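A quick write-up on the structure given underneath.
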Amino acid sequence: MKVGLIGCGGMGTTHNLSLKALSSKMDVEVTALADCRPEFLEKAAEQWPNARLYKTGMELLEAETLDSVHICLPSYLHTEHAVAAMDKGINVFVEKPVCLTEEEAQKILDAKMRNKVQVMVGQVVRSFDEYRYLKDCYDTNRYGELKSITMQRVSGDAAWGFEDWFHKEDKSGSVVLDLHVHDLDFLRYMLGEPDSFDVRATAFESGMINQIFTTYEFGKVFAVTEGIWDISSALPFEASFHACFEEASIVFRGREEKPLAVYKNDGTIEYPKLEREYDVKDDSAGINVSNLGPYYTEIKYFIECLQGGREVEVAPLEEGIKSVRQGIEEWRRAKEYVKRK
């Protein structure tokens, strides 16, 4: 399989390292790379000395014949590159959020239907072992019915973006579509569409939403989420959840030595042993991601779907679009709330 990688920065590095690890086990090779910054392009090319190098993603797509392309660009560039790739008959792995507006959502859905290609969205939380464990407990009623869940995704201010694109609301979708979208997507994945939801938020001095609290009702299940880009870039990133079932609470704190624990109603505590498919940490991406395992898992799944002629089911385009649409509505309500204050 010939793969192209567009965007060799933070998330692109994560994809590049995962693809390199997978290439030792699967018939896959990155044959083309694109980035407008020579230093990032050269660094990425160290993994693939024979890859052809391009300054822009559009140049790559115009010149190359590929089986798939990974789009790891700033969010506001996702749609135009994904559509261009699909119009060349190339299967697409696009990072989240897949798009930022309803107009873009329709464009990308139309392109997939028009070209009959496979598209997967990098909603990577669906591939995290701890979240997969939680979903399995929910699906199997291992600890009875789920009653409530709280989820947090806390980050320091996103200060690493190229040309500071994170702080431009029309380019990142604010903390809502960039960070919080992970938790709202997982809730949808596990519980379906919310029956109702309510939003509270804060904003930077610029007016851009930097913190969102959303409460949801999914049938009998009550959920609360917080996503924040803190005012300080020094605050370390941490994801967490606390899921209250009838017979136990499952708690995940991403920075703990034993991050996942099950607190049973008989007073005992268990630390589930998760069989990690790929357990490698690498800080070279320069972002708030160091564990490559979930990225390896989702990319491996995408490759297996393409090679086996199977439809993507874990995080297909349609699911990524639904999460963006939910996020857009929460973002709108967040801005209204801040304006009222």
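The values are calculated or read from the model by the stated rules, or taken from the named source; none is laboratory data. Not measured: the values here are computed from a predicted model. So basically every Cβ, Gly included, is an ideal-geometry build from the backbone, and we count neighbours across all protein chains shown. For the accessible areas, the whole protein counts, side chains as well, though only heavy atoms, and no ligand, DNA or RNA atoms are used. Shrake-Rupley method; radii C 1.70, N 1.55, O 1.52, S 1.80 Å.
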- Checklist (1) surrounded by fewer than 17 Cβ atoms within 10 Å (Cβ to Cβ); (2) of a type outside the set (Gly, Ala, Ser); (3) closer than 30 Å to Lys43 by Cα applied to Glu311, failing item: (3)
- If Asp157 satisfies every condition in (1) part of a loop (DSSP other than H, G, I, E, B); (2) out of contact with any Phe, Trp or Tyr (no Cβ under 7 Å at 6 or more places or on another chain); (3) among the acidic types (Asp, Glu) but one, which is the exception? (2)
- Query: Just wondering, is there one or more residues in segment 264-287 that are open to solvent by less than 10 Å² (accessible area, probe 1.4 Å) and either under 17 Å from Asp136 (Cβ atoms) or aliphatic (A, V, I, L, M) (or both)?
  - Reply: no
- Task: Select from segment 127-153 the residues that are open to solvent by less than 20 Å² (accessible area, probe 1.4 Å), among the acidic types (Asp, Glu) and out of contact with any strand residue (DSSP E or B) (no Cβ under 8 Å at 6 or more places or on another chain) and list them in ascending order.
- Result: none
- Query: Going by the conditions given, is Glu256 farther than 30 Å from Lys220 by Cα, out of contact with any strand residue (DSSP E or B) (no Cβ under 8 Å at 6 or more places or on another chain) and not basic (Lys, Arg)?
  - Reply: yes
- Task: Tell me which residues, restricted to segment 230-244, are over 20 Å from the mean Cα position of the chain (by Cα) and open to solvent by less than 10 Å² (accessible area, probe 1.4 Å).
- Result: Ala243
- Message: What's the total number of residues in segment 188-207 that are closer than 17 Å to Ser155 by Cα and free of Cβ contacts under 8 Å to residues at least 60 places away in the same chain?
- Response: 1
- Members of segment 199-216 that are out of contact with any Phe, Trp or Tyr (no Cβ under 7 Å at 6 or more places or on another chain) and surrounded by 14 or more Cβ atoms within 10 Å (Cβ to Cβ): Thr202, Ala203, Phe204, Met208, Gln211, Ile212, Phe213
- Return a yes/no flag: does segment 159-181 have any residue that is touching a His at 6+ places or on another chain (Cβ under 9 Å), hydrophobic (A, V, I, L, M, F, W, C), open to solvent by 10 Å² or more (accessible area, probe 1.4 Å) and modelled with pLDDT of 95 or more. no
- Message: Any residue that is in contact with a Lys or Arg (Cβ under 8 Å, 6 or more places away or on another chain) and under 23 Å from Ala111 (Cβ atoms) - is there at least one of those in segment 247-257?
- Response: no
- For Ala45: the one exception among (1) free of Cβ contacts under 8 Å to residues at least 24 places away in the same chain; (2) within 26 Å of Ala159 (Cα to Cα); (3) aliphatic (A, V, I, L, M); (4) open to solvent by 30 Å² or more (accessible area, probe 1.4 Å): (4)
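Mind listing whichever residues of segment 208-223 are assigned to a loop (DSSP other than H, G, I, E, B) and either touching a residue at least 40 places away in the same chain (Cβ under 8 Å) or closer than 20 Å to Lys335 by Cβ (or both)?
Within segment 208-223, the subset assigned to a loop (DSSP other than H, G, I, E, B) is 208, 219-220.
Answer for segment 208-223, where residues must be assigned to a loop (DSSP other than H, G, I, E, B) and either touching a residue at least 40 places away in the same chain (Cβ under 8 Å) or closer than 20 Å to Lys335 by Cβ (or both): Met208, Lys220.
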- Tell me which residues, restricted to segment 23-42, are among the hydrophobic types (A, V, I, L, M, F, W, C), touching a residue at least 60 places away in the same chain (Cβ under 8 Å) and open to solvent by 20 Å² or more (accessible area, probe 1.4 Å). Met26
- Task: Sort out which residues of segment 48-64 are out of contact with any helix residue (DSSP H, G or I) (no Cβ under 8 Å at 6 or more places or on another chain) and either open to solvent by less than 80 Å² (accessible area, probe 1.4 Å) or modelled with pLDDT under 95 (or both), and write them in order of number.
- Result: Thr56, Leu60, Ala63, Glu64
- Message: Considering only residues that are open to solvent by 10 Å² or more (accessible area, probe 1.4 Å), touching a residue at least 60 places away in the same chain (Cβ under 8 Å) and polar (S, T, N, Q), which ones fall in segment 102-126?
- Response: Gln118
- Note on the structure: When segment 85-101 is checked residue by residue, the ones that are over 25 Å from Leu184 (Cβ atoms) and crowded, with 20+ Cβ neighbours inside 10 Å are Ala85, Met86, Ile90, Asn91
- Under the condition of being in contact with a strand residue (DSSP E or B) (Cβ under 9 Å, 6 or more places away or on another chain), open to solvent by 50 Å² or more (accessible area, probe 1.4 Å) and outside any strand (DSSP E or B), which residue from segment 184-198 is nearest to Ser127 (Cα to Cα)? Glu193
